[in-house]
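Heads up: the structure comes next, in structure tokens.
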Amino acid sequence: MKLTVNGETHEVDVEDDMPLLWVLRDELGITGTKYGCGIAQCGACTVHMDGIAVRSCQLAAGDVTGEITTIEGLGTPTALHAVQEAWIDLQVAQCGYCQAGQIMQAASFLDLNPDPTHAQIDAAMSGNLCRCGSYPRIRDAVKSASSKLKRA
Amino acid sequence: MRALILALILAAPVAAQDIPSRDDGLAAWDEIFAVTSHPRCTNCHVGDAGVPMWNGLIYGSDTVHGMHVQAGESRVGAETMACRTCHISAQSDNATPHAPPMIDDAWRLPPTELAWLGKTSDKVCAQLRNPDTNDGFAMDELATHLETSLFVAWGFAPGAGRDEPPGTLDDMVVALKLWAAAGTPCAANP
Amino acid sequence: MGRVKTIARRSFLIGSAAIAGGVVFGTYLYKREGTNPLLADLRAGETAITPYVKIDAQGITLITPRADVGQGAWSMQAHLIVEELDIDPATATLSSGPASAIYYNGVVGVEAMPIAATSDTLLARTGRGAADVMGKLMGLHITGGSTTVPDLYDRLRMAGAVARETLIRAAMQQTGLPRDQLKTENGFVVLPDGLKIEYLDLAVLAADIEPIQDVTLREPSQWRYLTKPQKRTDVIAKSTGTQTYGIDMVMDGMVHATTRTNPALGGGLAGFDAEDARKMRGVQAVLQITGGIAVVADNTWRAFQAAQAVTCDWGPSPYIGNTSDQFAAVAASFSEDDQDSQFKDDGDVLAALEGAELVEAEYRIPYLAHAPLEPMSVVVKMTNARLDIWTGTQIPRFVQANMAKLTGMDADNIHVHVLMSGGSFGRRLEDDYIAQAVEIAMQLPDTPIKMVWQREEDFTHDFPRPLAIARAKGAVRDGAVDTFDLAIAAPSVAESSLARLGQPAIGPDVAIVAGAWDQPFDIPNYRVTGYRTPAMVPVSSWRSVGASGNGFMHESFMDEMCHAAGVDPLAERLRLCWHEPSRKVLEAVGEMSDWGSELGANRGRGLAFTLAFGVPVAEVIEVTNTEDGIRIDKVFVAAEVGRVLDPVNFEAQVQGGVIFGLGHAMNCELTYEDGVAQQDNFHVYEGMRLYQTPEITVRGLENGDKLRGIGEPGVPPAAPALANAIFAATGKRIRELPLSKSVDFV
């Protein structure tokens, strides 16, 4: 089947029910997207499908109906997305393993709701676990990214 | 007795003398309410707050959906985290316990006027028989809805050990038709 | 004494030889008070050069041997070196270096000794010196116990300074200029006329120069990085998906594997049927390993699917298998036979309790899983000649030794490449997952194998933080806490985990009472007794180790005693506290939280204080008892670390520690049935999520005389401060964790 990931189309030969997560990681070698729980409890595997955050451990390859964006496609070290900029400015990451998912969740959220309330930030970001406890900085970074995006 | 009534209903046109009695209608309503008040249904048929529930499975009762999920005014989580972020629109066997269930439709909450959680039988009865408060369904449309909705179908076969409402979807449709034929009686008012 | 030197020298040689092909700088100086004759003797002849800075034509590589498990250790180690080396840390490459005794940890051993961090007696100093010598002789290349900064603060700055001075000497040779006309600036030696010679261009010359040991470290007033907000060296990679964790290693020809071992811990594998699994797409092999099976496939998910399809005949767990029985075993170990320690016995507790009106309480804490978000994973490749291991680990040298034992290979041929860890919390002090991958590699030589555990495997094969029970008795006199008798019973982490590292566990296990026996309070009659529950399921260190649970017990009872005495919990702790830096921490948190001010209806404030890893930490938590349950509103934390080297990461580590402590206290426990952990994923082991996260205000104090690490000390006071706040808001005293058994949280 064909998958478009970060603007590039790939032909992959996988079972329909292989989760996109493992297509990305093991078939395409795109490893920024992380495996954490396999049951949509942690959010580490979050990518975008047509701009909407989805948990790639739940999205079977055969159910991919749109363009996929991973953390590598959101922005790069030399061309950062506003959310990544905020994450770097506020030094959110500790172990960092959850952060690709956190950033993808935040980017999709702010795309749909550019000027969220604090309560909405809490609701949008509570599906993503961080075991290290970087939540205070995640909160601040989402607020900061929201202001950045508004100014942009 | 019920089989006889069913036979009568199914053998439309319904003659005046074939109209089920109010008692039969109320009995049918009780069957319907046993379903609509079941956590499998009330977990999503929630009110304005847009907070779905996780009653059942291992989560006990009176348990809100984890992760602080807020479906919002949009009822699809557009303001915060879309329902479909986890509840992917896909055909799925939903066999993995504690993974988000999926259907081949956009996962969402029903409209607020169809809130059932914590509502009495009479309240839900009054709500469902009135197209103004039941999302605009006439009774025959409501029956069709039951038969075709992927949500309803999933609700009766949720998989992964999740609790199922009493009876079958067919029973539910039959009860609805009977209740409709009886003039959608509610115990509190005629 | 000669032998000590020989061993040290030999470890050095092994260490240096491993970094051939570049100029290697570094130094090590003993700078500790020399009451221990071993130390004094070593110092006399010891000028071993240790490898922390490598310069070659490609650039500057900084060796950061302490593992980064999220606490920012790589970045901090790099900043310690560059502060003296005088380069921009962003221009350097960081490497974990090889597993080597030269990277020994000279501080971590102190935690295993019954030496209070606040003690400065001859015995205490001797013990600390002995820990250093032990660390060196045993080659304890290990990360843990919040020791990275205290252990390496001098060593790494010295390594940077020696490298810089040696490069200057090279520039002197090249230019003929005297030392006092040369200075350095961001990777260059600067000549008087403003011309600059890049460090890299001096590397070849420097290689022939005996490293200059006679260096003076910069005064803190001259620092450019330390004590200023630093930019973590990994922050860009971790925000762009470009950080390579153990799970991300990719190699040519690599296959993907997963394992399934008996969920009934220690039960072994009686037999298995892999017929269906072997037919599944992509499956290359189903192999037997110790205690279970491994599937090798061409994709991790296919390996997962196939592993589930193998029918295994598991044996029964040899351990006490049910949590109620496990607690019963702990309860039964409050006996003379099982008494393990009584490091604290002030006054006369028994006499004071005799006839007094007793305050009594029993506290319980559960087993807890580490569950770092990156599941256990490793890449291995084994050939005739060598075994390579790429993974996130805190114990590279033990991995080397244990895998040598497993494979029969010479340890020198086993190369451990430490990658960034997606969390650990102590989990990566174990090497069980690595051994599994090596067992696969032994059956599939010459093939690079990536092994990844399913999350369920990770939860059900953890070495948890042990459960424990504390029994407390106390008495008040004249409106003051007078007698405080705390007995704690728990299985021994030292006994369990050291055995797996092939090390003896000598003497009492300090962890059973850590965070309780060593608190800086002058209570007239004050006793802390440890009881060692005979080993049950294997247990291990968990962020803040013994103090993680003992803080809850000690500080909950302290709160109860204060209430019994009718005194303010802060005022009473201040009255009892003899340790000045600890008093300052208590005063600070009182001021930050406006302690004593009116909070209003349904609200409460709780205080807890724990001194762990030498760091006194006080936390005040404010809660509201709402219709939907307890809401944690605010947390105030004051912590004393001697010197805050990076205020940004300091705050992050304290906040993270508080969240880790609170999240587990709220809703986490690991329970067992027939030896099988019942919590197998995050839906039943949630911890804290963002919406529950309170505002956490942190203040670092710098009144102590020693530098301390901050990765762990924020954890212990969090649970008791919360429980005490809930008591203040509701009148309900909760003596068992998780708190969610007794109250709801919003």
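The values are calculated or read from the model by the stated rules, or taken from the named source; none is laboratory data. Everything quoted here is computed from the prediction, not taken from an experiment. All Cβ positions, glycine included, derive from the backbone under ideal geometry; neighbour counts span all protein chains shown. Heavy atoms of the whole protein, side chains included, go into the accessibility calculation; ligands, DNA and RNA do not. Shrake-Rupley method; radii C 1.70, N 1.55, O 1.52, S 1.80 Å.
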Heavy-atom accessible surface of region C:347-430: percent carbon and sulfur, 1.4 Å: 46 percent
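Kindly state, to the nearest 0.05, the FRET efficiency for C:Ala480 paired with B:Asp30, given R0 = 51 Å and r defined as their beta-carbon distance. All intermediate terms of the calculation are to be shown ahead of the outcome.
Numbers: r = 66 Å, r/R0 = 1.29.
Efficiency computed from Cβ-Cβ geometry: 0.20.
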Rounded, prolate or oblate (a/c below 1.5 giving rounded, otherwise prolate when a/b exceeds b/c) for chain C by Cα gyration tensor: oblate
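Among C:691-704, C:643-656, C:153-166, what's the highest-first ranking by average C-beta atoms within 10 angstrom per residue?
Working: C:691-704: 19.9, C:643-656: 22.9, C:153-166: 24.7.
The peptides rank, most packed first, as C:153-166, C:643-656, C:691-704.
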Total accessible area lost when B and A pair, probe 1.4 Å, Å² to nearest 100: 1700 Å²
For C:Gly241, residues with placed amide H under 5 Å, excluding near neighbours: none
Centre separation in Å (Cα based) which lies between region C:617-673 and region C:214-250: 25 Å
Mean separation of Cα contacts under 8 Å (6+ apart) over length of region B:105-157, as relative contact order %: 26 percent
Inter-label distance, nm, simple model (7 Å from Cα along the C-beta direction), C:Gln443/C:Ala499: 2.7 nm
Region A:82-151 - Debye-derived log10 I(q)/I(0), Cα point model, q = 0.19, 0.25, 0.26 Å⁻¹: -0.63, -1.13, -1.23
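Please give the length that would be gained between C:Asp313 and C:Thr175 if that part of the chain were fully extended, namely 0.36 nm times their separation in residues minus their C-alpha to C-alpha distance (nm, one decimal). Provide the component values of the computation, followed by the final result.
On the way: separation 138, 0.36 × 138 = 49.68 nm, distance 7.49 nm.
Fully extending the segment from C:Asp313 to C:Thr175 adds 42.2 nm.
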Beta bridges per DSSP with both ends in the protein assembly as shown, % antiparallel, nearest 5: 75 percent
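Take every Cα pair under 8 Å in chain C that's 6+ residues apart, average their separations, divide by the length, and report that relative contact order as a whole percent. Don't skip to the end; give the middle numbers.
Values: 1736 pairs, mean separation 98.7, N = 746.
Once normalised by length, the contact order is 13 percent.
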Kyte-Doolittle at least 0.0, axis length at least 15 Å by Cα - qualifying DSSP helices, chain C: C:2-17, C:73-85, C:122-138, C:432-443, C:647-667, C:718-730
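Cβ under 9 Å from B:Ala90's Cβ, B:Ala90 left aside: what net charge do those residues give with Lys, Arg +1 and Asp, Glu -1?
Net local charge, B:Ala90 excluded: -2.
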Cut-off under 5 Å, modelled amide H: who pairs with C:Thr529 long-range: C:Leu486, C:Ala487, C:Ile488
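With a 1.4 Å probe and all protein chains left in place, how much accessible area per residue does the protein assembly as shown have, in Å²? If you can, show how the numbers build up before the last one.
Details: 39250 Å² over 1088 residues.
About 36 Å² of surface per residue is accessible.
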Antiparallel DSSP beta bridges within chain C, percent to nearest 5: 75 percent
Nearest-10 value in Å² for the accessible area of C:Met254, using the 1.4 Å probe: 30 Å²
10 Å Cβ neighbours from other chains, averaged over peptide C:303-316: 1
Per-residue ³J(HN,Hα) for region C:680-690, Karplus 6.51 cos²θ - 1.76 cosθ + 1.60, θ = phi - 60°, Hz, x for Gly and Pro: 10, 6, 6, 5, 10, 7, 8, x, 8, 10, 4
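Residue by residue through C:689-701, how many Cβ atoms from other chains fall within 10 Å of the Cβ on average?
Values: counts 11, 19, 14, 4, 10, 2, 2, 3, 1, 1, 0, 0, 0.
For peptide C:689-701, the averaged partner shielding equals 5.
At a 10 angstrom cut-off on C-beta neighbours, averaged per residue, how do the peptides C:70-83, C:116-129 rank from highest to lowest? The partial results should precede the final answer.
Values: C:70-83: 26.9, C:116-129: 17.0.
The peptides rank, most packed first, as C:70-83, C:116-129.
Share of region B:21-181's accessible area from carbon and sulfur, percent, 1.4 Å? Write out the running numbers ahead of the final one.
Values: 3760 of 7020 Å².
Solvent-exposed carbon and sulfur of region B:21-181 make up 54 percent of the total.
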Cα→Cβ-extended label distance, 7 Å offset, between C:Trp578 and A:Asp50, nm: 7.2 nm
Two-site FRET efficiency, C:Ser221 against C:Lys706, from Cβ-Cβ distance with R₀ of 22 Å, rounded to 0.05: 0.65
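Could you work out [θ]222 nm for the protein assembly as shown from helices alone, using -39500 (n - 2.57) per DSSP H run of at least four and dividing by all its residues? Round to the nearest 500 deg cm²/dmol.
On the way: 32 runs with 358 residues, N = 1088.
After summing the helix terms and dividing by residue count, I get -10000 deg cm²/dmol.
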Long pairs among C:Lys344/C:Lys473; C:Lys584/C:Lys706; C:Lys54/C:Lys228; C:Lys136/C:Lys381, criterion Cα-Cα beyond 18 Å: C:Lys54/C:Lys228; C:Lys136/C:Lys381
Nonlocal amide H pairs with C:Asp633, under 5 Å, H built at 1.01 Å: C:Glu622, C:Val623, C:Thr624
Within 10 Å of each Cβ in C:66-78, the average number of Cβ atoms from other chains: 2
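Over chain A, what relative contact order in percent results from Cα pairs under 8 Å that are six or more residues apart?
Working: 250 pairs, mean separation 36.8, N = 152.
Across chain A, relative contact order equals 24 percent.
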Evaluated at q = 0.09, 0.21 Å⁻¹: base-10 log I(q)/I(0), Debye formula over Cα of region C:423-556: -0.38, -1.21
Amide N proximity, region C:508-527 versus C:Gln342 label position 7 Å along Cα-to-Cβ, cut-off under 20 Å: C:508-519, C:521-527
Protein accessible surface hidden between A and C, which excludes ligands and nucleic acids, total in Å², probe 1.4 Å: 4700 Å²
Mean-position separation - Cα centroids, region C:429-495 and region A:90-144, in angstrom: 30 Å
Region C:550-572-region C:186-204 distance, computed between alpha-carbon centres (Å): 61 Å
Burial ranking of peptide ranges C:57-63, C:182-188, C:712-718 (average Cβ count within 10 Å, highest at the top): C:712-718, C:57-63, C:182-188
Cα-based reach from A:Lys150 at 18 Å (exclusive), listing aspartates and glutamates while leaving out same-chain residues under 8 positions away: A:Glu85, A:Asp89, A:Asp111, A:Asp115, A:Asp140, B:Glu79
Label-to-label distance, nm, for residues given as A:Lys150 and B:Arg22 (7 Å Cα→Cβ offset): 5.9 nm
Accessible-area value, B:Asp135, 1.4 Å probe, nucleic acids and ligands omitted, Å²: 80 Å²
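Want the number for C:Thr91 to C:Ala328: 0.36 nm per residue separation, take away the alpha-carbon distance, what's left? All intermediate terms of the calculation are to be shown ahead of the outcome.
On the way: separation 237, 0.36 × 237 = 85.32 nm, distance 5.71 nm.
Gain on extension, C:Thr91 to C:Ala328, equals 79.6 nm.
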Prolate/oblate/rounded call for the protein assembly as shown, Cα gyration tensor, a/c under 1.5 rounded: prolate
Residues in region C:480-515 that a label on C:Ala564 would reach, taking backbone N under 17 Å of a point 7 Å out along Cα→Cβ: C:480-488
Cα-based helix-to-principal-axis angle, B:22-36 vs chain B, degrees rounded to 10: 10 degrees
